[in-house]
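Notes follow once the structure below has been shown.
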Amino acid sequence: MNQPVIDATSRPVIERGLRLQWEAAQNAHVLLYPEGMIKLNTSAGEILKRCDGAATIADITADLERAFATSGLSEDVIRFVVMAVDKKWLKLQS
Amino acid sequence: MAETPVLDVPVQPRPKVAMRPEPIAAARPGPPLWLLCELTYRCPLHCAFCYNPTDFARTAAELGTEDWLRVLREARALGAVQLGLSGGEPLSRDDLEPIVAEAHRLGFYINLITSGVGLNEARISALKAAGLDHIQLSFQDSTKQMNDFLSSTRTFELKSTVAALIKKYEYPMVLNVVLHRLNIDHVEQILDMALRLGADYVELANTQYYGWAWHNREQLLPSRSQVERAEKTMQSFRERVGNRMKIYFVVPDYFERRPKACMNGLGSIFLTVTPDGTALPCHAARMLPLEFPNVRSASVGEIWYDSAGFNHFRGDAWMKEPCRSCPEKSRDFGGCRCQAYMLTGDAANADPVCDLSPHHHLVTEAVERAERPGAGSPQLEAGEKPLVFRTERNSSTLFGGRDR
């Protein structure tokens, strides 16, 4: 099986069966999956909530850089998406 | 000042209660993140390894729909987010759909833990529409004959049909197979079957010895060589199929030298409500000599934060030696309170699975007995001491259950 190429034009989306949700009681975004939960740190939550299958990684990066008034995040975002695809948290919209 | 995203996501692996343990002496516990609703003890199967209490036949009437909806609302308000709907067989309840609908409206991630008996297209379609997130389907074995023997009914073909329905309704397909002496040698066939059915996840869960499984322990405990063989088979299968199907192997704790961090410590994240409304910090805890509250007479908040039953094993003040002074106590919390109680008669003792426990020999002796010849031969075993299947009748006649 070929690994999908992940670059600035990829459009990631949360995998089927998983759900991203803000939990006030934990003051965090969580990723819910069958019988388990991953409590996300701020960055992971901020990236994942932008992964709607329509936005490209370039869009997501630009939006994050705007929201946090910073720059140079694209490598971090790509690295995170690669990890999240590998863990089956995200898939790439074709 | 801009916040630079930090990408070290805290990842907790499965199985089950997959969250980071809080500090052991937390003054006030966090919320009950995991709510397990055992909707009923009724079940069309009669599995000899069921963890349900052997005297289930004498428990009081089941909670009604409104009671369950109230439990859901109160638990969610506290921060509960993972919901298990289990039993018995939860599909035996004809109000499962409205319960799911309310849980979904509240924002729970809803797991149905089922044998699949009673799941037809009309019901799965209604459950999907109500917002059910996930179905875990249990299999007893990969062959029809063994599956039917171990669950004491004819369900294998039905489960194959249900597996197809689960795929059709686009659920992640999670198969759970409880392993024990009589089926552990079939791990290869079980995994082959799972792959054929299109499973995304397979849990090979070695039997934990509570309830009916405890009663049948001498018949169900595998030998060490069986366990090692199964693990090796599973490993090479895992290498062969890669990411396509994730395999989880829950190691049988009798073969370990350290106990499991049971429930991440009682009363830390896990709350079970049994069919009659009794609230427990673990689904086996009803056996403990403690008074546990009931949702009919107390709110979930009072139960979680204020009841004696839930506070008893929080922190480490209850611990005895060798746990009390053990540097590992914040990792495993002394293991399982129920196992300590069943094996030693004192729930505050170290779990005898731990080789630092003065009672560890109780575990190793059971494992040694499992080395006797005749392993894996149900007929022979049945001749020595029959498996006792989980039936209402056995519950009444053997374990003091009474008619409801």
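Read-outs throughout are calculated quantities, based only on the coordinates presented, and are distinct from any laboratory measurement. Every value quoted in this text rests on a predicted model; they were computed, and no experiment measured them. Note that we place each Cβ from the backbone using ideal geometry, even for glycine, and neighbour counts take in every protein chain shown.
Taking 12 Å as the straight-line reach from the Cα of A:K88, the aspartates and glutamates in range (excluding those fewer than 8 positions away in the same chain) are A:E15, B:D200.
Counting only other residues whose beta carbon sits under 14 Å from that of A:S74, what net charge do I get with K and R as +1, D and E as -1? Cβ neighbours under 14 Å give a net charge of -3. Measuring between alpha carbons in the structure, the pairs from A:K91/B:K168; A:K49/B:K167; B:K168/B:K246; B:K167/B:K232 lying more than 23 angstrom apart are A:K49/B:K167; B:K167/B:K232. For B:K329, the lysines whose Cα comes closer than 23 Å to its Cα, not counting residues fewer than 8 places off in the same chain, are B:K16, B:K260, B:K320.
Over the range B:232-319, what is the relative contact order in percent, taking alpha-carbon pairs closer than 8 angstrom and at least six residues apart?
20 percent
Here, P(r) means the percent of Cα pairs in each 5 Å bin from 0 to the largest distance; for the range B:60-99 it is 5, 20, 31, 27, 14, 4. Neighbours of B:A213 by Cβ distance under 13 Å: Lys/Arg scored +1, Asp/Glu scored -1, total +1. Only one residue of B:V177, A:I38, B:N52 has its Cα farthest out toward the positive end of the dipole of the protein assembly as shown, where Lys and Arg carry +1 and Asp and Glu -1 on Cβ, and that residue is B:V177.
The value for the protein assembly as shown of Rg(Cα) / (2.2 N^0.38 Å) is 0.99.
If each DSSP helix of 4+ residues adds -39,500 (n - 2.57) and the sum is divided by the residues in chain A, what number results at 222 nm, nearest 500 deg cm²/dmol? Don't skip to the answer; put the middle values down first.
On the way: 3 runs with 31 residues, N = 94.
Computed ellipticity for chain A at 222 nm equals -10000 deg cm²/dmol.
Bridge orientation summary for the protein assembly as shown: considering DSSP beta bridges with both residues in this region, about 35 percent are antiparallel. With neighbour counts taken as other beta-carbon atoms within 10 Å, the residues B:K329, B:K159, B:K232 rank, fewest first, as B:K232, B:K329, B:K159.
For chain A, a Gaussian network of Cα nodes joined below 10 Å ranks A:V81, A:V13, A:V30 by mean-square fluctuation, and the top entry is A:V30. Other residues within the sphere of radius under 12 Å centred on the Cβ of B:Q226, judged by their own Cβ, net out at 0 (K and R +1, D and E -1). Put simply, the Cα atoms of chain A extend 39, 33, 19 Å along their principal axes, the longest span coming first. Computed from the alpha carbon positions, the gyration tensor of the range B:232-376 leads to an equivalent ellipsoid with semi-axes of 30, 22, 16 Å, biggest first.
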